[in-house]
1. Applying the selection to segment 434-449, what residues are outside any loop (DSSP other than H, G, I, E, B), open to solvent by 10 Å² or more (accessible area, probe 1.4 Å) and touching a helix residue (DSSP H, G or I) at 6+ places or on another chain (Cβ under 7 Å)?
2. Where residues in segment 412-430 are part of a helix (DSSP H, G or I) and small (Gly, Ala, Ser), which of them is most open to solvent (accessible area, probe 1.4 Å)?
3. Just give me the residues in segment 193-203 being open to solvent by 60 Å² or more (accessible area, probe 1.4 Å) and closer than 21 Å to Arg345 by Cβ, in sequence order.
4. Take Asn155 and decide whether it is at pLDDT 80 or above, of a type in the set (S, T, N, Q), part of a helix (DSSP H, G or I) and open to solvent by 60 Å² or more (accessible area, probe 1.4 Å).
5. Quick check, is Ile190 more than 16 Å from Ile138 (Cβ to Cβ), touching a residue at least 24 places away in the same chain (Cβ under 8 Å) and open to solvent by less than 60 Å² (accessible area, probe 1.4 Å)?
6. Could you identify the single residue in Arg277, Arg265, Arg321, Arg304 that is of a type in the set (Lys, Arg), out of contact with any helix residue (DSSP H, G or I) (no Cβ under 9 Å at 6 or more places or on another chain) and closer than 29 Å to Val466 by Cβ?
7. Quick one: which of Phe383, Phe367 is among the aromatic types (Phe, Trp, Tyr) and at pLDDT below 95?
Amino acid sequence: MNNKQENTKLNANKPSKLNLAKQLTMPLLAFGIGTSTPFLFWSNLENPSFHTHASIQDYLKSFSNKSDLITKKFLNEYQNEQTTSLKVIAASFQTNPNRTETQQELIQLASLSPQQLQDKVKSSVNFGNGFTGYRPVIDSSIEAIYTAISKQNLNKALEEADQLIKKFPNFELAHLLRGDILSLKSGRRIQQIGDIPKVPLYKNNHLVELREEAIARFKAVKDRPESNLLPSELVILDDDETYIILVDTSRSRLFLYENSFPHPRLVTDFYISQGKRGAVKTHEGDKRTPIGVYTITELLPKERLTDFYGPIALPIDYPNRWDRRLGKTGYGIWLHGMPESYVSRPPRDSEGCVVLANQDLLALNQFVNTGTTKVIISENLDFVPADVWQVQRRNMLRVVKNWKDDLESGVGKGLKHYAQNVLIDGKDLMTWQKDLNLNQRNFGTIQVENLNVFKYPFTDHDMMHVSFERSDSLNGNQRIEQFWKKIGTRWKIVQEDSVNL
């Protein structure tokens, strides 16, 4: 299901083929990742225009038996768009004979246009290991070295190290690893990465940093999230949210995800360096990287930068509204590169920015839309199975819909979704009600479009960052940003901010 359909879910008064209440209960389409057989999770959904066709019901029964997939009688009787759609489904069954859709699920698929069906078939391709598109050169070489050492193929590991040094002569970690490989080949027992005897004291700190980088890069290979897991931080994505950047400071990794059907798809990942004192920035000058949901605000070209920041820089909007609510301070947090003579930096080496290798930053920038691309920075990204991800997504869609429906029914009913300490456009609840004269006025029908929901990292409670465009008779068209917190067993809005459109 794409987000245009999700917007339809939230707006019951909009023309739609499907009833809003039914759409809300309709789970999302999910496919098995890293397997050869896609599978579907759907709930019952009535589509009267199809229930009246007994021939369709008979046709769909044949799918349960995995036989007679193309029924000539049916095709002769219904030469229309729905028939063409069913042909696509049948073709999919022929290539994936283990599919287990129910009749009701197939009725839903049959209600789509041929082009929609083709799009779904294309998007259900097995993603393999999940890593497609650009692959960082250094990361690929480090992975090859790690794999070769793990298989005790030291000749292959040395060959990979030599090739890496040839490409990047200034890459100190590559030289360090090459030394370790030569030590292993000579039979010398080494106790740790960079096991160099009699290191001068003034070089010791630098050696420690190289070891930390090696460990971070090796762990990225060893502990890579399974391809059948999805980041729970990405809950609901609007169609315009094409790519999303997630940073995991504990892994020293940046993950780039594409907003694709039926779930976000991992495009690639990069090694990054963070603040010298780690993550969770609270005040200016603390040399920490902030944790939260941010937006890339602009692109700074090389002409506006010193060599220290590399070819470009991508500033983010730290501190965001929630940061300011918590009293956090600071500014100038960027995603940026490094001096031209550098190949890499230690995992903790910045003043708080997220630093990438120059070639990685330029590759990442191809997927960035300034002003819209989100950057979610977390200490530990939460990767969950697809079915768990779907439940969370469906639950939050229901939470937002219930808020909208109750607010439409009356302010009194709608207020139950707001926490007592909520701030709405900087005002407490009573002041907000008084300023809008809500005792005598109401919102009327509320339209919600372009919904994004992100799980907010690092809080003492479960928390969601929710944004959308809203139109109602009281405020007109606005861009809304909400922060929802789970208090007890209920989700409550603790902050809401609006911008007129």
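1. Glu449
2. This residue is Gly412.
3. Ile196, Tyr202, Lys203
4. Criteria met by Asn155.
5. No.
6. Arg321
7. Only one candidate qualifies: Phe367.
Per-residue answers, yes or no, for (1) within 28 Å of Gln390 (Cα to Cα); (2) in contact (Cβ under 8 Å) with a residue 60 or more places away in the chain; (3) not hydroxyl-bearing (Ser, Thr, Tyr):
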residue: Asp425; (1), (2), (3): no, yes, yes
residue: Trp432; (1), (2), (3): no, no, yes
residue: Asp435; (1), (2), (3): no, no, yes
residue: Leu438; (1), (2), (3): no, no, yes
residue: Val448; (1), (2), (3): yes, yes, yes
residue: Pro457; (1), (2), (3): yes, yes, yes
residue: Ser467; (1), (2), (3): yes, no, no
residue: Trp491; (1), (2), (3): yes, yes, yes
residue: Gln495; (1), (2), (3): yes, yes, yes
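The values are calculated or read from the model by the stated rules, or taken from the named source; none is laboratory data. Values in this document were obtained by computation on a predicted structure and should not be read as measured data. As a convention, Cβ positions derive from the backbone with ideal geometry for all residues, glycine included, and neighbour counts pool all protein chains shown. We work out accessible area using only protein heavy atoms, side chains counted, and drop any ligands, DNA or RNA first. Shrake-Rupley method; radii C 1.70, N 1.55, O 1.52, S 1.80 Å.
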